[in-house]
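Have a look at this one before I ask anything.
The values are calculated or read from the model by the stated rules, or taken from the named source; none is laboratory data. It should be emphasised that the depicted structure is a prediction, and the values quoted were computed from it without experimental measurement. Note that each Cβ is placed from the backbone with ideal geometry, even for glycine, and that neighbours are counted across all protein chains shown. Side chains included, ligands, DNA and RNA excluded: accessible areas come from the protein's heavy atoms. Shrake-Rupley method; radii C 1.70, N 1.55, O 1.52, S 1.80 Å.
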Amino acid sequence: MFWIRTPEKTYFKAGCMQIALSELKDVYGCKKAFIVTSQKRYSKGHINVIEECLRGLSVQYICFTDAGRDIEKIRQGAKEMKLFEPDVIIAAGCGCVIDSAKAMRLLYEYPETDLKALSVSNNDIRNRDMTFPRLGSRPVFAAIPALSGCTSAVSPYSVIKDGESSMLIADYQLMPDLAIADSILPGGICPGKLREALSSAAAKAVLSYKSEAATDYTRGFALKGLEGITGNYEKAAAGDSSVYEAVFEAATLCGISFANTGYTDKELSCVISEIDISDIPVPSLKERLSMLVG
Amino acid sequence: MANTDNKVEVQSAEVLVQDLDSFNAKLAQVREAQRVFATYSQEQVDKIFKAASIAANKARIPLAKMAVEETGMGVVEDKIIKNHYASEYIYNKYKDTKTCGVIEYDPSFGIKRIAEPIGIIGAVIPTTNPTSTAIFKALVCLKTRNGIIISPHPRAKKSTIAAAKLVLEAAVAAGAPENIIGWIDVPSLELTNELMRNSDTILATGGPGMVKAAYSSGKPALGVGAGNTPVIIDSTADIRIAVNSIIHSKTFDNGMICASEQSVTVLSDIYDEVRKEFAARGCYFLNEEELEKVRKTIIINGALNAKIVGQKAHTIAALAGVEVPENTKILIGEVESVDISEEFAHEKLSPVLAMYKAETFDEALEKAAQLVADGGYGHTSSLFIHPAQTEKIEKHYNAMKTCRILINTPSSHGGIGDLYNFALTPSLTLGCGSWGGNSVSENVGVKHLLNIKQVAERRENMLWFRAPEKVYFKKGCMPVALDELGSVMGKKKAFIVTDSFLYKNGYVKPIEDKLDELGIQHTAFYNVQPDPTLASALEGAEAMRLFEPDVIIALGGGSAMDAGKIMWVLYEHPEADFMDMAMRFMDIRKRIYTFPKMGEKAYFIAIPTSSGTGSEVTPFAVITDEKTSIKYPLADYELLPNMAIIDADNMMNQPKGLTSASGIDALTHALEAYASIMATPYTDGLALQAMKTVFEYLPSAYENGANDPVAREKMANASTMAGMAFANAFLGVCHSMAHKLGAYHHIPHGIANALLISHVLRYNAEPVPPKMGTFSQYAYPHTLERYCECAEFCGVKGKDNNETLELFIDKIEDLKERCGVKKTIAEYGVTEEAFLSSLDEMVENAFDDQCTGANPRYPLFSEIKEMYLKAYYGK
């Protein structure tokens, strides 16, 4: 049995954040939000628009600004969540922030979880020993990614670190409920990190396309994602903001594909230049991909 | 010595404005000054605003003295407060307010608000508040880059002009253009009217006559009205606070604030105590004889006697021939009638108060309402009551037709705002709404003196991608997926919905076996028709209500899954109004009806047995009202199944006709989702994969059926992928037309789509359509290009786009032929007569179908008709 699973709601388009977050009030009836972000993002004021939005919705909020992949930070975050008892968790930032928040949420809801035991060494997310019974009502998890966080926002994975070693933990409990991909948010695109973010997303899409677990469902997403990245990469790298929305979408599509084909530890930090792209079926796409690699 | 040339000169003080010529000259000067002022920045304006406020404040004592001396009315010390308030409070309120240029910008929504001045404000200043009102109006005009010309009251012109001049000088010294503030030196009715006619907006403070003149001038006016403020003292009131507040307010500037109390109605059970407190605090209760004398003094020939306005109690008493102590605060007349014939029921603008007794709160309300009607509509009313008496307070505010309703505060100080309540805007011009013939019902401030422009940039609607939480597939996955019901979800009771054919032919058995294995109790409902009816849905819902399942499993084609969805709704929300649910919408997120939350009682699993309608992954369900034969499409993401199980084992033995019809249906889903104005990269990927798969595998699935299990599985996935695509991108006019074709002539849904799709493709591909679909992300007609993308993905390419499209259509026609689809509607046994007689109705109904809205080309009736005819005759 295979599957295709996505967040309950994936919202996108430049400027969609406020409309999407209004659901916290109108649909979910949330009153307390726990925002997870990085110190850098916070001090640059990138979280202000989210906070302002929450104020408008009469949602109380608190900000945890020390997000990171390190297991100690995750434990700390979970502890603070426990004190605050939020009904919505908002992870805002790049991949490591979102991964960090996902793991925090898991620890917050299931405090006895041994994160290391969740780490995946084989492809099948369903073959692990651990399962999580659904407990009563749980906080809503909203991911508001920067470009480099788009793939994490739609996946059931989190890469965490214990000391020097990284590990991938995977479970559908980690899948965000709401993915809000808004390219116009402050700090959404760091021009310096653009190439890295898009290459990484493209790498995931190619790996996913070639994976044994690829299906017709995932291939569609992967190809569209790759098309979006390669078609707009040059303009985006040159700072043309009119294509930012398109690359945001493209990265998210790569993420959806990747999220459903699983990956192994060795692929954790794969970069596009290491991957064999010779068997990409669409010739024009292959050509453009090689430009990205080069 | 009027200015005849266009040069702006400083000599405004030297040229007296006293006739038409001098007025017009002044008008020209102020206009020119305002023209320049309108270009000033927020920073420049705020500097001027501050300097002017400071200057006005510094002069508060001399101006107050001048006012009392000139008019012979009021109290110097109170007028000092008024001037102080007019400068300090107004400055404080607006010092940070943005009034120039871009005052708001939201990049997310792409909207900018820009403030521009109105132009020249014509300000009429009353004799009761000659300096404070002048200061107030001048300041708010300076803050908003407007010019102002003041028309003083003849009795107060010297002090009014002195205030205006002072503010002007300070403003100019801080950088304002010369002549930004002007005034009429020798006021007359003629000149006041001329001012009104030439202003861009009139700020009129005064009595009803003057307000009426302002509104009749043909220019926008913000006026006020007369106040006849009734106060009620309820049995639960704090008597000392009430009485002393009233005294404080009524004696303020000898009662000349329009919001001041004119009468007090006291509940009988506290009357004596109230009376005692008034008397103890220096108020004089007139006896019968004195009352009559005072009556005849305050109102003469039905109008207020000007001689008493703003005079202290002792003076008024003396005028009436009544002797009272020198330091008397207020003359109180205990009267009974609230009719206008009672003099004390009028506005008195002096420290003279009417006092009424009421047996009940309702009686007090009646009296107060009548007093308001007598001469204070829209102005102010007041109530002293215990704050916990919320019911009475509500009754009071529902009954009072006044724009300020003050609870437990003095009404003069309370009405002008920011003194006894800090959310009420500080102002000396109090709007009375339509009740008072005003266009403003609140306290007037800077927002009323601006024109706001809004710059709206194109933005696209937020879009989404939504799918069932779990979509499981692969041949043989059904029992594995169903295992979760026990192992993960702990379900106890399952209700299976299917049709009788599937039930009787053993399709349900594997499900039942699995449920038995998991120890889950189950029952099945299989009275589902090909076009599910409301009646059978109600029947099923009733059965559900009795069984109380925590999971519903809908197994079948579109009919069984749709029926299951509807039953699910009726089971969880028996109160839901069906007609409301089926209401057509333009934007699914803006629809009038809010679909009730689903999943509170049961988890919903959809298992398709045909490939297919895609219903297992869509938020749609179509139900037929068997009584009227009308089909109702329901659409809401609450209807999305929680789990979809696509197991080709369930589809192996689809008969050829079904294989062909549902296969083409899947193709048209993919094509319409791709062309839709709501298509996004999320749905495009799925749609393309779906189309390609159908082309590659449908022929074999049709010809070989169960003997080609790969083809069966591929088709199953194609159907679901297409379903996921159109669940988010919606469909188009082909489906709209197919729905009606099916409804009127009983052609299976998939076949109906097949008969129409090629005509629709050509129709949509027109690069110059008469009408385009309306949706922000849909920039311009480009459907030909879109179809060519589909063609290329499916391996078809011509020398140009037009040829590519034709080749693509050929490919579709080829597929249809290989799968036994006939060429025209006529060939399906629909007689010409039957078709033509139903045509007009079909056309209109197809137009109105919910699917039409997402079509890239917005169809005209005639165009739909043409497509139908082509599909009927084949050309």
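Scan (1) without any contact (Cβ under 8 Å) to a residue 60 or more places away in the chain; (2) open to solvent by 20 Å² or more (accessible area, probe 1.4 Å) for the single condition residue A:210 breaks and write down its number.
(1)
Still on this structure, I have one more. If a residue has to be surrounded by 16 or more Cβ atoms within 10 Å (Cβ to Cβ), assigned to a helix (DSSP H, G or I) and either facing another protein chain (nearest Cβ under 7 Å) or under 44 Å from the mean Cα position of the chain (by Cα) (or both) to count, how many in region B:457-484 make the cut?
Within region B:457-484, residues that are surrounded by 16 or more Cβ atoms within 10 Å (Cβ to Cβ), assigned to a helix (DSSP H, G or I) and either facing another protein chain (nearest Cβ under 7 Å) or under 44 Å from the mean Cα position of the chain (by Cα) (or both) number 1.
Hey, can you tell me all the residues within region A:18-31 that are open to solvent by less than 10 Å² (accessible area, probe 1.4 Å) and either small (Gly, Ala, Ser) or within 7 Å of chain B (Cβ to nearest Cβ) (or both)?
The answer is A:20, and nothing else.
Out of the residues in region A:1-17 that are in contact with a strand residue (DSSP E or B) (Cβ under 7 Å, 6 or more places away or on another chain), open to solvent by less than 30 Å² (accessible area, probe 1.4 Å) and outside any strand (DSSP E or B), state the one that is farthest from the other protein chains (Cβ to nearest Cβ).
A:7
Pick out the one residue from A:186, A:191 that is within 12 Å of chain B (Cβ to nearest Cβ) and either touching a residue at least 40 places away in the same chain (Cβ under 8 Å) or surrounded by fewer than 24 Cβ atoms within 10 Å (Cβ to Cβ) (or both).
Unique residue meeting the criteria: A:186.
Residue under question is residue A:152, and the condition is that it be of a type outside the set (A, V, I, L, M, F, W, C), outside the structural domain of residue A:262 (by TED's automatic domain parsing), at pLDDT 90 or above and in a helix (DSSP H, G or I); does it hold?
yes
Also, I was wondering about something else. Criterion first (touching a residue at least 40 places away in the same chain (Cβ under 8 Å), touching a Lys or Arg at 6+ places or on another chain (Cβ under 8 Å) and not polar (S, T, N, Q)) does residue B:860 satisfy it?
Here the answer is yes, as residue B:860 does meet what is asked.
Also: If you take the residues of region B:728-761 that are in contact (Cβ under 8 Å) with a residue 40 or more places away in the chain and not in a helix (DSSP H, G or I), which of them is most open to solvent (accessible area, probe 1.4 Å)?
B:748
Okay, next question. Out of all the residues in region B:331-342, is one or more outside any strand (DSSP E or B), in contact with a Gly (Cβ under 7 Å, 6 or more places away or on another chain) and touching a residue at least 40 places away in the same chain (Cβ under 8 Å)?
Scanning region B:331-342, I find no residue that is outside any strand (DSSP E or B), in contact with a Gly (Cβ under 7 Å, 6 or more places away or on another chain) and touching a residue at least 40 places away in the same chain (Cβ under 8 Å), so the answer is no.
With (1) modelled with pLDDT under 90; (2) over 30 Å from residue A:15 (Cβ atoms); (3) not assigned by TED's automatic domain parsing to the domain that holds residue B:618 as the list, and residue B:489 as the residue in question, which single condition is left unmet?
Condition not satisfied by residue B:489: (3).
Within the group B:374, B:362, which residue is assigned to a helix (DSSP H, G or I) and more than 24 Å from residue B:439 (Cα to Cα)?
B:362
Matching residues to (1) modelled with pLDDT of 95 or more; (2) open to solvent by 70 Å² or more (accessible area, probe 1.4 Å):
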{"residue": "B:18", "(1), (2)": "no, yes"}
{"residue": "B:32", "(1), (2)": "yes, no"}
{"residue": "B:35", "(1), (2)": "yes, yes"}
{"residue": "B:39", "(1), (2)": "yes, yes"}
{"residue": "B:43", "(1), (2)": "yes, yes"}
{"residue": "B:46", "(1), (2)": "yes, no"}
{"residue": "B:56", "(1), (2)": "yes, no"}
{"residue": "B:61", "(1), (2)": "yes, yes"}
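Which residues, counting only those in region B:523-572, are β-branched (Val, Ile, Thr) and either buried (at least 17 other Cβ atoms within 10 Å of the Cβ) or part of a helix (DSSP H, G or I) (or both)?
B:528, B:533, B:551, B:552, B:553, B:566, B:569
Do you know which residues across region B:646-693 are in a loop (DSSP other than H, G, I, E, B) and either within 14 Å of another protein chain (Cβ to nearest Cβ) or under 30 Å from residue B:774 (Cβ atoms) (or both)?
Result: B:647, B:676, B:677, B:678, B:679, B:680.
To continue, here is another question. Please find, among B:206, B:218, B:223, the residue that is closer than 27 Å to residue B:441 by Cα and free of Cβ contacts under 8 Å to residues at least 24 places away in the same chain.
B:218
Okay, moving on. What is the number of the single condition among (1) open to solvent by less than 40 Å² (accessible area, probe 1.4 Å); (2) under 23 Å from residue A:287 (Cα atoms) that residue A:179 does not meet?
Going through (1) open to solvent by less than 40 Å² (accessible area, probe 1.4 Å); (2) under 23 Å from residue A:287 (Cα atoms) one by one, residue A:179 breaks only (2).
Need the failing condition index for residue B:827 against (1) closer than 23 Å to residue B:755 by Cβ; (2) without any contact (Cβ under 8 Å) to a residue 12 or more places away in the chain; (3) within 50 Å of the chain's Cα centre (by Cα), just the number.
Result: residue B:827 passes all but (3).
Identify, please: which residue in region B:299-323 is out of contact with any Gly (no Cβ under 9 Å at 6 or more places or on another chain) and β-branched (Val, Ile, Thr) and is, among those, farthest from residue B:341 (Cα to Cα)?
Ranking the qualifying residues of region B:299-323, first place goes to B:315.
Here is a further query. Please count how many residues of region B:702-727 are more than 11 Å from every other protein chain (Cβ to nearest Cβ), without any contact (Cβ under 8 Å) to a residue 60 or more places away in the chain and either of a type in the set (A, V, I, L, M) or crowded, with 24+ Cβ neighbours inside 10 Å (or both).
So the answer is 3.
Follow-up question, since we're still on this one. Given (1) within 30 Å of residue B:774 (Cβ to Cβ); (2) within 14 Å of another protein chain (Cβ to nearest Cβ); (3) of a type in the set (S, T, N, Q), where does residue B:487 come up short, assuming only one miss?
(1) is the only condition that residue B:487 fails.
Further question: Go through the residues of region A:71-80 one by one and say whether even a single one is surrounded by fewer than 23 Cβ atoms within 10 Å (Cβ to Cβ), in contact with an Asp or Glu (Cβ under 6 Å, 6 or more places away or on another chain) and more than 14 Å from chain B (Cβ to nearest Cβ).
yes
Could you check region B:115-157 and list, in sequence order, the residues that are open to solvent by less than 10 Å² (accessible area, probe 1.4 Å) and in a loop (DSSP other than H, G, I, E, B)?
Of everything in region B:115-157, those that are open to solvent by less than 10 Å² (accessible area, probe 1.4 Å) and in a loop (DSSP other than H, G, I, E, B) turn out to be B:119, B:125, B:144, B:146, B:152.
Determine, yes or no, whether residue B:451 is touching an Asp or Glu at 6+ places or on another chain (Cβ under 8 Å) and either away from chain A (no Cβ under 14 Å) or buried (at least 21 other Cβ atoms within 10 Å of the Cβ) (or both).
yes
For every residue, the table says whether it meets (1) away from chain A (no Cβ under 14 Å); (2) without any contact (Cβ under 8 Å) to a residue 24 or more places away in the chain; (3) assigned to a loop (DSSP other than H, G, I, E, B); (4) within 20 Å of residue B:253 (Cα to Cα).
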residue: B:45; (1), (2), (3), (4): yes, no, no, no
residue: B:49; (1), (2), (3), (4): yes, no, no, no
residue: B:65; (1), (2), (3), (4): yes, yes, no, yes
residue: B:74; (1), (2), (3), (4): yes, no, yes, yes
residue: B:88; (1), (2), (3), (4): yes, no, no, yes
residue: B:93; (1), (2), (3), (4): yes, no, no, no
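Failed condition for residue B:307, given (1) surrounded by fewer than 21 Cβ atoms within 10 Å (Cβ to Cβ); (2) more than 52 Å from the chain's Cα centre (by Cα), with all others met?
Residue B:307 satisfies every listed condition except (2).
Report the residue count in region A:50-70 for those that are under 20 Å from the mean Cα position of the chain (by Cα), of a type outside the set (Asp, Glu) and open to solvent by 20 Å² or more (accessible area, probe 1.4 Å).
3
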